[in-house]
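The structure under discussion appears below in the form of structure tokens.
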Amino acid sequence: MRLVANLLDRARPLFDEGGRLNFFKPVFDAGDAFFFSPATATAVAPHARDPLDVKRYMTTVIIALVPATLASIYFFGLRMIPVFIVSYAAGGAVEVLFATVRKEEVNEGFLVTGLIFPLVLPPALPLWMVAVGCAFGVLIGKELFGGTGRNLFNAALVGRVFLGLAYPKAMSGAWVEPGTGLLGRATELSVDAVASATPLALAKAGEFTATTDLFFGSVLGSAGETSALAIILGGVFLVGVGVASWRTTVSFLGSFAVLSLVLHGGDVGTVGWHMLAGGVLFGAFFMATDPVTSPMTSAGKWIYGIVIGVATALIRNLTGYVEGVTFAILLGNIFAPVLDETFIAASVRRLREQKA
Amino acid sequence: MKLRGGYNVHLAGRPTNEVRDLPAPERLYLPLRSRRFTFSEIDVTDGQKVACGDEIAKDPGNFNVPLLAPYAGTVRLDALEGHVVLEDLDPAAGCSVREHDESAERSRYDPAVSEWKRRMLLELGAWQFFADAHTGTPLDPSGTPGAILVTTVHLDPHVARGDVLLRGRLDEFARGLEHLQSFLEYQPIYVAMSDIRTDFASEVREKLRGHAFVNLVAVPRRYPYGHPVALARHLGLTPSLENPVWALTTAGVLAVDRVLTTGTPAVERIVAVGGPAIDAPTHVRTVVGQPIHDLIGGHVTEKPVRVVNGGIMTGGTVGPEQKGLCAESTGLTVLVESTTRPFLGWIRPGWGSRSYSKTFASEVRPAFPEKINTALRGELRPCISCGQCVDVCPAGIMPNVIHKYIYAHDIESTIDTRVDLCFECGLCSYICPSKIDLRQQFIDAKKEIQAELEALLEEVEE
Ligand code: SF4
Ligand code: SF4
């Protein structure tokens, strides 16, 4: 701790006004604040504050993603580690660049985006594509809107859609056969990409993967989306600590289940299978619940979840696409401000009655 | 309206039940300003000898509410900027006694008597304890109340506690209520009490149950449920310019009794002195003008500190220019100023940090007092729409939405989303992870709206 403090103190003059590296001040500040929270004091009442800050808020999401991250390494090999590093580097570079240009502080949002992004990609995607996708997502999905807190769309999903449109072949052919056994593929550095079909694609052809495989995650799929168990572990934690809104998760999963039940003629088994397959759980716990891109109002969150759940079920069952979560959530993102406006207007009407 | 939202900050340094007496100081420094009052009209001359209870100055902007001399002494006008200094104090001299009412008839409604009572309350320093329940502003002493609302629940950490003020003074409190009753023809008196079950609480309830005119209101012990605005809305009392709801605190009722039953001025104060930076937090019996240094000196554990006048949620900072206790103070909360930078604070489990959110390991511990300082504990960020402020707001408005409108300079929408309902409890600012000073923004917005309204009115008049 002392050591870090000394190093930082020694480097500080370089970045200060007039220092040689003044241009990179936001980078230095971000690193500085990473190790030591600022001592900034309150300027007005309340004179003391709650310990929760945005850094910790985002860290909590990362902690909740740990099981899914470990599962991805277990099933798809150590190659995931360079993938994470590349994703962070690309997303971080864009964030830092914009912070520097805008002369603002580096925002914590990319800490989550950088980790979530590889988890929703096919595991054997070339590293450069990961980098391009993440940079695109952060740039177009976030920075152009003014950074974390002002973005309309979930940045990771924007990146994923971009890759899907730009490199459709790679995106559908970079799957990896999941590892099995005690260590899975967690000892293997390189893996072979295969172009065989994911459970959802097979299901279109009437072939259903075993539900237990879906539950534990030993199936083909996006790196972090295959293990329902790992997602539920982290997701329940995230909802439990209140960082992800249970309203969104429940209404998403609930509406998806109900509509699927109707579409599958009341076949509970098939619906359960669909809940575990693909990105539904990951989307419901980690993507749709992104507070920035979901509605602010509680009522809005309910409808938002329903929009996404319904859209997912419809896309999966009635279109040529095998998976619908990504588009459904982006659709939900579009609706979010509209929903907010509606429900804020409703509460304004209610509040108008109140005298004082 | 149902009580909603709210949150208790468990700040270390809670004052004990004890009330400590301070030795009389050498000089008193009476500030000419307090939160609501500006005592701009000075009624004494330099070097004049005054007795206890003599009027030193008054606030012409607020119905001539006076600033009284707490002890006999000699006035120094130019000794200290912003203060009247009183020296050569003679605390033993006692206060002058006016004609008063010890009869058992004190609670009977009688407009003629009430005229005399109003004058006494104003002149002997009890009127400053009366406020409009909805706006918190001083009241016209000649007005007629729509109802009287007494709150004994003071939950802002740490102001003088209602139970401490009441201990041993229940009779006085009851008599004060009887006097207040005499202002009312048929309107009710509400007395808000904490819903806790302690022997003392039952004793108070028992005592007040004998007074048919008192409506006891049980209030959960959660900040800011004891706040007059929260209570007035909870009870469905409507704001009114003609017949405002009169709000008083425990100290106010005791002041009423003192003035009307004994005819002596209400110059004594019982204030809390506490906070994480105080080694022996307690209540202190004192007077206006008591040097701040005497109140906290010798008890500060660590420096530098910030002294807050009142509680941490809404109190103002006592600046270096203020030397004495102001007329409206209910307590001093002393916090260590933030100077150190926590190492990797955001990733620690947080066993020792208490949070409104559930993201700290301390969540599994029962509530415990926390030694927090004045740190913002994070960096200012754009709103991330976490929704915590909406959950915590006792006024039932949406602080995050209002913040967005203020940020966009959209005054009309700010009004529509009812920024006026905010009663400045400070909880939204306290819990915001993006560290946005929501409360301050709302105060400023309300001022701006008020100014625009006035400008508009002027235009219409022309
Ligand atoms: S608490 Fe702060 S960050 Fe959260 S919604 Fe309210 S204003 Fe936004
Ligand atoms: S908006 Fe006003 S009443 Fe609501 S929590 Fe914030 S300060 Fe308190």
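The values are calculated or read from the model by the stated rules, or taken from the named source; none is laboratory data. Since this is a predicted model, take the numbers as computed values, not measurements. Heads up, the Cβs are rebuilt from the backbone with ideal geometry, glycines too, and the neighbour counts pull from every protein chain shown. Note: accessible area is taken over every heavy atom of the protein model, side chains too, but ligands, DNA and RNA are not part of it. Shrake-Rupley method; radii C 1.70, N 1.55, O 1.52, S 1.80 Å.
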Less than 13 Å Cβ to Cβ from B:Ile443, Lys/Arg counted +1 and Asp/Glu -1: what total charge do the surrounding residues give? -1
Quick one: of the DSSP bridges fully inside the protein assembly as shown, what percent are antiparallel, nearest 5? 60 percent
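Restricting to bridges with both residues inside region B:125-262, how much of the DSSP beta-bridge set is antiparallel, in percent to the nearest 5?
Numbers: 2 of 17 bridges.
Looking only at bridges with both residues in region B:125-262, the antiparallel portion is about 10 percent.
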Where does helix A:2-15 land angle-wise versus the long Cα axis of chain A, in degrees 0 to 90, nearest 10? 70 degrees
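Using the Kirkwood formula over every pair of different C-alpha atoms, what hydrodynamic radius in Å results for region A:244-356? Mind dumping the intermediate values first?
Working: mean 1/r = 0.0694 Å⁻¹.
Taking every pair of different Cα atoms in region A:244-356, averaging 1/r and inverting gives 14.4 Å.
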By the gyration tensor of its Cα atoms, with a ≥ b ≥ c the square roots of the eigenvalues, what is the shape of the protein assembly as shown: rounded for a/c under 1.5, prolate for a/b over b/c, or oblate? prolate
So how far apart, in nm, are the two label points at A:Ser298 and A:Leu189 if each is 7 Å from Cα heading toward Cβ? 5.4 nm
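Can you tell me the FRET efficiency between B:Arg20 and A:Phe35 if r is taken as the Cβ-Cβ distance and R0 is 45 Å, rounded to the nearest 0.05?
Details: r = 44 Å, r/R0 = 0.98.
In this case the efficiency is close to 0.55.
Return a whole-number percent for the relative contact order of chain A, with Cα pairs under 8 Å and 6 or more residues apart as the contact set. Provide the component values of the computation, followed by the final result.
Working: 545 pairs, mean separation 55.8, N = 356.
So the answer I get is 16 percent.
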Grab the DSSP H runs of chain A that are 4 residues or longer, score each as -39,500 (n - 2.57), total them, divide by all residues and round the 222 nm result to the nearest 500 deg cm²/dmol. -20000 deg cm²/dmol
Kindly provide the GluC sites (Glu not before Pro) of region B:64-113 that DSSP labels as loop, not H, G, I, E or B, and whose Cβ sees at most 12 other Cβ atoms within 10 Å. B:Glu81, B:Glu99, B:Glu102
Rounded to whole Å, sorted largest first: equivalent-ellipsoid semi-axes of chain B, Cα gyration tensor: 35, 27, 24
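Take the alpha carbon gyration tensor of region B:309-419, find the square roots of its eigenvalues, order them as a ≥ b ≥ c, and report rounded if a/c is under 1.5; if not, report prolate when a/b exceeds b/c, else oblate.
Values: a/c = 1.82, a/b = 1.09, b/c = 1.67.
Here region B:309-419 falls in the oblate category.
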Distance in Å, no decimals, from the C-alpha centre of region A:138-166 to the one of region B:225-291 is 54 Å
Accessible area expressed per residue, chain A, with surrounding protein chains retained (probe 1.4 Å, Å²): 41 Å²
Using the 4.7 Å Cβ rule, please list in number order the cysteines from chain B without any candidate partner. B:Cys326, B:Cys383, B:Cys386, B:Cys393, B:Cys422, B:Cys425, B:Cys432
Just to confirm the number: angle between the C-alpha axis of helix A:25-35 and the first principal axis of chain A, 0 to 90 degrees, nearest 10? 70 degrees
From the Cα trace of region B:125-262, what convex hull volume per residue do you get, rounded to a whole Å³? 105 Å³
Would you please state the base-10 log of I(q)/I(0) at q = 0.08, 0.12, 0.14, 0.15 1/Å for chain A, with intensities from the Debye formula using one equal scatterer on every alpha carbon? -0.43, -0.91, -1.18, -1.32
What's the center-to-center distance, using Cα atoms, between region B:362-422 and region B:432-462 in Å? 17 Å
Relative contact order of region A:244-356, pairs being alpha-carbon contacts under 8 Å that are 6 or more residues apart, as %: 32 percent
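R0 = 45 Å: FRET efficiency of B:Glu363 with B:Glu412, Cβ-based, nearest 0.05?
On the way: r = 41 Å, r/R0 = 0.91.
In this case the efficiency is close to 0.65.
Explain nothing, just the number: relative contact order of chain B, from Cα pairs under 8 Å at least 6 residues apart, as a whole percent. Could you put the intermediate results ahead of the total?
Values: 942 pairs, mean separation 89.6, N = 462.
Result for chain B is 19 percent.
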Starting with the highest mean, order B:200-210, A:328-338, B:244-254 by the number of other Cβ atoms within 10 Å, averaged over the residues of each peptide. B:244-254, A:328-338, B:200-210
With θ taken as phi - 60° and the coefficients 6.51, -1.76 and 1.60, list the Karplus ³J(HN,Hα) couplings across region B:70-78 in order, rounded to whole Hz; mark glycine and proline as x. x, 10, 5, x, 10, 7, 10, 8, 9
Among B:267-275, A:114-122, B:72-80, how do they line up by average Cβ neighbours within 10 Å per residue, starting with the highest? A:114-122, B:267-275, B:72-80
Calculate how many DSSP beta bridges within chain B are antiparallel, expressed in % of all such bridges and rounded to the nearest 5. 60 percent
Longest principal axis of chain A (C-alpha) makes with the long axis of helix A:54-76 (C-alpha) an angle, in degrees to the nearest 10, of 40 degrees
Could you tell me what percent of the accessible area of chain B is made up of carbon and sulfur, with a 1.4 Å probe and every protein chain present? 51 percent
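Around B:Gly146, with a cut-off of 12 angstrom between Cβ atoms, what is the net charge of the other residues, counting Lys and Arg +1 and Asp and Glu -1? Intermediate values should be presented prior to the final figure.
Values: positive: none; negative: B:Asp132, B:Glu185, B:Glu242.
Net of charged neighbours comes to -3.
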B:Ala451 versus A:Ala93: modelled label distance in nm, points set 7 Å from Cα along the beta carbon direction: 4.8 nm
In region B:339-377, which residues become less accessible by 50 Å² or more once every protein chain is in place, relative to the chain on its own, using a 1.4 Å probe? B:Arg341, B:Phe343, B:Trp346, B:Lys358, B:Thr359, B:Phe360, B:Leu376, B:Arg377
Can you return the lysines within cross-link range of B:Lys435? Criterion is Cα-Cα under 18 Å, with same-chain partners fewer than 8 residues away left out. A:Lys55, B:Lys358, B:Lys404
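Please find the FRET efficiency linking A:Val236 to A:Thr319, where r is the Cβ-Cβ separation and R0 is fixed at 30 Å, and quote it to the nearest 0.05.
Working: r = 31 Å, r/R0 = 1.03.
Efficiency computed from Cβ-Cβ geometry: 0.45.
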Just from its helices, what would the mean residue ellipticity at 222 nm be for chain B, if runs of 4 or more DSSP H residues each count -39500 (n - 2.57) and the sum is divided by every residue, rounded to the nearest 500 deg cm²/dmol? -7000 deg cm²/dmol
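If you take the accessible area of A alone plus B alone and subtract the pair, what total do you get in square angstrom, rounded to 100, with a 1.4 Å probe?
Working: alone 17630 and 22400 Å², together 34320 Å².
Separately minus together, A and B give about 5700 Å² buried.
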How many nm is it between the label spots at A:Lys103 and A:Glu17, if each spot is 7 Å from the Cα in line with the beta carbon? 1.1 nm
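In the neighborhood of B:Asn64, defined by Cβ-to-Cβ distances under 13 Å, what is the net charge if each Lys or Arg adds +1 and each Asp or Glu adds -1?
Numbers: positive: B:Lys58, B:Arg118, B:Arg119; negative: B:Glu41, B:Asp43, B:Glu55, B:Asp59, B:Glu123, B:Asp140.
Spelling it out: positives minus negatives among the neighbours equals -3.
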Suppose all protein chains stay in the model; what accessible area per residue would a 1.4 Å probe give for region B:45-168, in Å²? 42 Å²
With a/c under 1.5 counting as rounded, go ahead and sort region A:156-290 into rounded, prolate or oblate using the C-alpha gyration tensor (a ≥ b ≥ c being the square roots of the eigenvalues; past the cut-off, prolate if a/b is larger than b/c, else oblate). rounded
Could you please state, rounded to a whole Å, how far the C-alpha centre of region B:1-44 is from the C-alpha centre of region B:108-140? 21 Å
